[in-house]
Amino acid sequence: MLNSPTAVQPLATRERTAVSLIFFANGFIVGSWAPKIPEFASRLRLDESELGLMILCFGLGSLCAMAMVGVLIGRNGSRSITRILAALATPSLLVLTLAPSVWTAAIALFALGGLVGGMDVAMNANAVEVEKHERRAIMSSCHGFWSLGGVFGAALGGILVASTGVHVHALFVTLLVAVAVAIAWPRVLSDPPLPAEAGLKSPEMPRRGLTGLGATVWLTGIICLIMMTPEGAVLDWGALYMREELGAGTAVSGLAFGAFSAAMAVMRFAGDMVRDRFGAVRTFRVSALLAIAGLGIAGMSGSPGWAVIGFAITGLGLANTVPIAFSAAGNLPGLPQGLAISIVTFMGYSGILVAPSVIGFIAEHTGFAIIYLSLPVLIAAALLFSGLTRHADRDADR
């Protein structure tokens, strides 16, 4: 476990407040994009397949940036990269709203995905540095602030788009994010690049491959991918499962997403205290078992009510597994922090961006109940490698 600091520090330090605000801003941008999609498709006269391709631009932009930002962090530190990407991302939704054609909108959406995705890697790397600096876990609450930003972005976005229009909404998002970034800017923890990370020229790196530390970072990435796949399955397909296979109405089927997301957000704010008390490995294992139980209940449920309970339990279980995996990647000894987090983030978000499409294809032939009963097998596989999460508890001075 992370060691207790020699002197009692306040919970809301300057550095922790800054990185939490960055997480909130990132989540708020992503959440604010969702209620704009119908108008976006209507304005550009996109059908479902064309809209799918446009949204794919967002995902491709995110994955491309995630693969590149780790190198930049190694050369410059996470502080400068986090601040630059946050500043560039601030007006990105407004730029997308003003895009006049399909091609300019595709470019703007690719850029939005790249800025948000790159910012995701950088802010997670900075959160790891704050954990080391304060010698306590903060990653779960940071992801809680991301969830909070997403919820507020989606909720306020729907109201503002309906009442004031997309342009006023985009301007409001830009101003609010600008305020958050301005407050965080001077407080972001400075982390000069380590000599071993500068330029990533260590002679050991090319030879690591899939052995030793190289295998560790890839296995940690696989853990992250596995734990984010059920998240995508619930968020993208939970409502459809409840409506088509359990006979739920539109309002009730929406509770699949609501119960899952609310439970995840609440548990993430409690997760740091749990991890500091019981350690990363034990917290991860218990959380994974909880997720397995929740998915089992959802898959075997014969009524919408039990499915909602199952999805809520799944949210409680998955909430802290990904933050622990990010902390573990950032603390792997002998590996460039930015590169490790970049790899794990790239693999993890592939689970959300790619897996739901595969799940939809399979479910067309099997139904979603089978899917939710099969996902626990993946989580059980992640449990086999859960000992790797011990690196999340690595003391900052080692």
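The values are calculated or read from the model by the stated rules, or taken from the named source; none is laboratory data. Quick caveat: nothing in here was measured; it's all calculated off a predicted structure. With ideal geometry, Cβ positions are generated from the backbone for all residues, glycine too; neighbour counts draw on all protein chains shown. Accessible surface is based on the protein model in full, side chains and every heavy atom, while ligands, DNA and RNA are left aside. Shrake-Rupley method; radii C 1.70, N 1.55, O 1.52, S 1.80 Å.
For the chain, the membrane-span-like helices by this rule, meaning whole DSSP H stretches whose C-alpha atoms cover at least 20 Å of axis and whose Kyte-Doolittle mean is 1.0 or above, are 48-76, 139-164, 166-184, 280-300, 304-318, 337-353, 368-384; this says nothing about an actual membrane. When the chain is treated as a Gaussian network with alpha carbon springs shorter than 10 Å, the biggest mean-square fluctuation among Ile222, Ile183, Ile29 belongs to Ile183.
With only Cα atoms counted, the chain has Rg and Dmax values of 20.4, 61 Å. Packing, taken as the mean count of other beta carbons within 10 Å per residue, orders the peptides 67-80, 122-135 from highest to lowest as 122-135, 67-80. Computed extension gain for Ala182 through Glu244, at 0.36 nm per residue and net of the alpha carbon distance, reaches 17.7 nm. Potential lengthening of the chain between Leu235 and Leu88 amounts to 50.1 nm, from the contour at 0.36 nm per residue minus the alpha-carbon distance. Shape analysis of the stretch 86-176 places it in the oblate category; the axes a ≥ b ≥ c from the Cα gyration tensor give an a/c of at least 1.5, with a/b not above b/c. Near Ala180, once Lys and Arg are set to +1 and Asp and Glu to -1 for all other residues with Cβ below 13 Å from its Cβ, the sum equals +2. Dipole magnitude for the stretch 239-290: about 280 debye, using +1 per Lys or Arg Cβ and -1 per Asp or Glu Cβ, origin at the Cα centre. Accessible surface of Glu50, taken over heavy atoms with a 1.4 Å probe and every protein chain present, rounds to 80 Å². Note on Ala270 and Leu98: with the Förster distance fixed at 45 Å, the Cβ-Cβ geometry gives a FRET efficiency of about 0.65.
Would you compute, from DSSP H runs of 4+ residues alone, the mean residue ellipticity of the chain at 222 nm, taking -39500 (n - 2.57) per run and dividing by the full residue count, rounded to the nearest 500? Calculated mean residue ellipticity at 222 nm is -26000 deg cm²/dmol. Surface composition of the chain: carbon plus sulfur atoms hold 72% of the accessible area, using a 1.4 angstrom probe and ignoring ligands, DNA and RNA.
For the peptides 230-241, 110-121, 259-270, the ranking by mean Cβ contacts within 10 Å, running from highest to lowest, is 110-121, 230-241, 259-270.
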